[in-house]
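Read through the structure below, which is laid out as structure tokens, and then see the notes.
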Amino acid sequence: MNHTYEEAVWLRSNIDEIIIETVGNQIAYLNYNNKQIEQSYKDAVSNIMQLAAAVELESLPSFLDYVLWLSDLLIQVGLPKRILISHLELLKNYIENHHGSTGLSVSYLKEAISAISSDTVTYKDFVCANSPYQPLKDAYLEALLHSDRNTAVHLIINAINSQEISIADLYLDVFTNALYDIGVLWQKRKISVGHEHYVSLVTEHIMSMLSYKIHQPSEDSKRMMGLCVGDEMHQIGIRMVCDLYELNHWKTFYLGANTPTDSILNAIERIHPNILALSASLTTHVPICEEIIKLIKTDHPTLKIIVGGRAFNLDPDLYKKVGADGYSPNGLEAVKLGESFIKPNPPV
């Protein structure tokens, strides 16, 4: 057992004691009501779990992105970032006093405090800039923000039928960018989580409407299986990846989200995929991804496994740490990677 894993286990095992002392010390001088106190404890759980996952994976970028996102979120609801800085300082002091000052968690907390204190560091977004399809994306998003599903659907279907845009470009430049924009609007409290879900569901509905253009009979024997790990619910991305594989004459098997590990293993035995694609948006789900890959590789050492999702986009080398064979930042790159894995070796 390596030191970073031990440190992550210590954080998770002592989470109740850490929260009681750190949050307790903080709310002692804040004039919080009962609801705010309850929320502070919930937030502290998320913060420590994010830190533990980043430490276990030795991924500072993952933790920095999370705390910068959280800092922006607090500002949007009218809370000063010094509250978050104070919490992280109390957390750092507790770890130093009870576990030592030489671990990654203390180092990561120092980096996070420094980043939040700076006015020049912001968390990442992955919107494709300067897309020729931005007007279509903007019109699509505007319709959905007004809960006008019919207009949104007609915009996309007409663009596809008139060959104004390909399905691949639609997925990457319109749907993906629109969903990122929606996430930012939710963070700024300009829309509710219900509206965010509405946009996702309409987007998936349109994807289903276009399935007849994607899923065509093919004699090709290439097989790909895709799913989200753990209780990950951000499933549109991996569904797009499966569709893009299908467009490139692969036979695909989309398992969606919340698939139990034993069901994944059974599906591999039944389907015999050439490529398995795993998606994780949250850093806290990446250790689960690692566990799944270890189990799969035990019985299927030659199966090529690729990973993607925001958690891996934040730290492109993370795929090596979880035992995957490769990483792709988007669906088209995922297809290229899959094709490269199954190409026959050139003659010597």
If we keep just the residues of segment 9-25 that are without any contact (Cβ under 8 Å) to a residue 60 or more places away in the chain and either in contact with an Asp or Glu (Cβ under 7 Å, 6 or more places away or on another chain) or among the β-branched types (Val, Ile, Thr) (or both), which is nearest to Ala54 (Cα to Cα)?
Val9
Report yes if Val286 is at pLDDT 90 or above, among the β-branched types (Val, Ile, Thr) and farther than 30 Å from Ile75 by Cβ, otherwise no.
no
Select from segment 219-262 the residues that are aliphatic (A, V, I, L, M) and over 12 Å from Ser279 (Cα atoms) and list them in ascending order.
Met224, Leu244, Leu247
Which of the numbered conditions does Arg310 fail, given that it passes all the others? Conditions: (1) more than 14 Å from the chain's Cα centre (by Cα); (2) open to solvent by 50 Å² or more (accessible area, probe 1.4 Å); (3) within 28 Å of Asn177 (Cβ to Cβ).
(1)
In segment 26-38, which residues are free of Cβ contacts under 8 Å to residues at least 60 places away in the same chain and among the polar types (S, T, N, Q)?
Asn31, Asn33, Asn34, Gln36
I need every pair where a residue in segment 281-304 that is among the basic types (Lys, Arg) has its Cβ under 6 Å from the Cβ of a residue that is part of a helix (DSSP H, G or I), sequence separation at least 6 or different chains.
Lys304/Phe341
With the structure loaded, tell me whether Thr259 is closer than 23 Å to Ser208 by Cα, touching a Phe, Trp or Tyr at 6+ places or on another chain (Cβ under 7 Å), open to solvent by 10 Å² or more (accessible area, probe 1.4 Å) and polar (S, T, N, Q) or whether it fails that test.
no
Across segment 296-311, which residue is farthest from Cys228 (Cα to Cα) among those that are of a type in the set (A, V, I, L, M, F, W, C) and at pLDDT 95 or above?
Leu303
Considering only segment 1-37, state which residues are open to solvent by 90 Å² or more (accessible area, probe 1.4 Å), in a helix (DSSP H, G or I) and of a type in the set (A, V, I, L, M).
Ile20
When the residues of segment 202-241 are filtered to those that are in a loop (DSSP other than H, G, I, E, B) and out of contact with any helix residue (DSSP H, G or I) (no Cβ under 9 Å at 6 or more places or on another chain), which remaining residue is most open to solvent (accessible area, probe 1.4 Å)?
Glu219
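The values are calculated or read from the model by the stated rules, or taken from the named source; none is laboratory data. Values in this document were obtained by computation on a predicted structure and should not be read as measured data. So basically every Cβ, Gly included, is an ideal-geometry build from the backbone, and we count neighbours across all protein chains shown. When the accessible area is computed, the model is the full protein with side chains, heavy atoms only, and any ligands, DNA or RNA have been set aside. Shrake-Rupley method; radii C 1.70, N 1.55, O 1.52, S 1.80 Å.
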